[in-house]
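Q: Below you will find the structure I want to go over with you.
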Amino acid sequence: MNVRVQEADFDIAAEIAAMRRGNPRIGAIASFIGVVRDINDGDAVSTMTLEHYPGMTEKSIGVIIEQARGRWEVLDALVIHRVGTLKPTDQIVLVVVASGHRGDAFAACEFIMDYLKTQAPFWKKEVTPQGARWVDARTSDDAALERWRQGSG
């Protein structure tokens, strides 16, 4: 299990290849890439700055991965989350989950991403033509999290 919080971009092909290398138990890999959009809440976004608490953030993400491992057969997992100032089309987050079977890989990947959106200690500030603003969690993100808590996910 690997968690990295970094300013540098990532190469999804290289990350997946590294995860797969030499592990014949892996039968499925599911991944998710989050990307900066150019519009949010109807306003143009020129940049997004992500902040975090070093150490605390990585630990929090590690706990999320362990929760996924407790629910599904997860052979390996990787979360890379970028911080700093990003522009539209820049990659923000990569979640990769390896499992023996696709159902476990898909479910664990979605679970990890839903928890990252609401539980990981990141703060996002967007710059729009109206000025800078902090981004709150979306109602839809909270609803996705609640689905896992109710056991229907």
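The values are calculated or read from the model by the stated rules, or taken from the named source; none is laboratory data. Note that the structure is predicted; figures quoted are calculated from it, not measured. Positions of Cβ are generated from backbone atoms using ideal geometry, with glycine treated the same way; all protein chains shown enter the neighbour counts.
Q: Give the residues of segment 70-93 that are in a strand (DSSP E or B), under 14 Å from the mean Cα position of the chain (by Cα) and under 12 Å from Lys124 (Cα atoms), sorted by residue number.
A: Here is the first cut: in segment 70-93, the ones in a strand (DSSP E or B) are 76-82, 84-86, 91-93.
After this cut, where a residue has to be under 14 Å from the mean Cα position of the chain (by Cα) as well, the list is 77-82, 91-93.
If the condition is that a residue be in a strand (DSSP E or B), under 14 Å from the mean Cα position of the chain (by Cα) and under 12 Å from Lys124 (Cα atoms), then Arg82, Ile92 are the ones that fit.
Q: Okay, moving on. State all residues of segment 92-123 that are at pLDDT below 95, surrounded by fewer than 19 Cβ atoms within 10 Å (Cβ to Cβ) and among the charged types (D, E, K, R); if no residue qualifies, say none.
A: Lys117
Q: I would also like to ask the following. Ile29: free of Cβ contacts under 8 Å to residues at least 60 places away in the same chain and either of a type in the set (Asp, Glu) or touching a strand residue (DSSP E or B) at 6+ places or on another chain (Cβ under 8 Å) (or both), yes or no?
A: On the way: free of Cβ contacts under 8 Å to residues at least 60 places away in the same chain: no; either of a type in the set (Asp, Glu) or touching a strand residue (DSSP E or B) at 6+ places or on another chain (Cβ under 8 Å) (or both): yes.
Judged against the criteria, Ile29 is not a match.
Q: Here is a follow-up. Here is a check on your reading of the model: is Phe32 under 22 Å from Glu126 (Cβ atoms), of a type in the set (Phe, Trp, Tyr), in a strand (DSSP E or B) and within 17 Å of the chain's Cα centre (by Cα)? Can you show your working first?
A: Details: under 22 Å from Glu126 (Cβ atoms): yes; of a type in the set (Phe, Trp, Tyr): yes; in a strand (DSSP E or B): yes; within 17 Å of the chain's Cα centre (by Cα): yes.
The answer is yes for Phe32.
Q: Being part of a helix (DSSP H, G or I), in contact (Cβ under 8 Å) with a residue 60 or more places away in the chain and out of contact with any Lys or Arg (no Cβ under 6 Å at 6 or more places or on another chain) is the requirement here; does Thr118 meet it?
A: Details: part of a helix (DSSP H, G or I): yes; in contact (Cβ under 8 Å) with a residue 60 or more places away in the chain: no; out of contact with any Lys or Arg (no Cβ under 6 Å at 6 or more places or on another chain): yes.
Against the criterion (part of a helix (DSSP H, G or I), in contact (Cβ under 8 Å) with a residue 60 or more places away in the chain and out of contact with any Lys or Arg (no Cβ under 6 Å at 6 or more places or on another chain)), Thr118 does not qualify.
Q: Would you point out the residue of segment 1-53, among those that are within 19 Å of Phe111 (Cβ to Cβ) and of a type in the set (S, T, N, Q), that is surrounded by the fewest Cβ atoms within 10 Å (Cβ to Cβ)?
A: Asn2
Q: Next question. Yes or no: Val96 under 22 Å from Arg149 (Cα atoms), in a strand (DSSP E or B) and not hydroxyl-bearing (Ser, Thr, Tyr)? I'd like the intermediate steps shown before the answer.
A: Working: under 22 Å from Arg149 (Cα atoms): yes; in a strand (DSSP E or B): yes; not hydroxyl-bearing (Ser, Thr, Tyr): yes.
The answer is yes for Val96.
Q: Right, something else. Would you please list the contacts, defined by Cβ atoms under 7 Å and residues six or more apart or on different chains, that run from a residue in segment 41-57 that is closer than 22 Å to Gln6 by Cα and touching a residue at least 60 places away in the same chain (Cβ under 8 Å) to a residue that is assigned to a loop (DSSP other than H, G, I, E, B) and of a type outside the set (A, V, I, L, M)?
A: That search, which allows pairs on different chains as well, returns Val45/Arg37; Val45/Asp38; Val45/Pro88; Thr47/Lys87; His52/Pro121; Tyr53/Pro121; Met56/Pro121; Thr57/Pro121.
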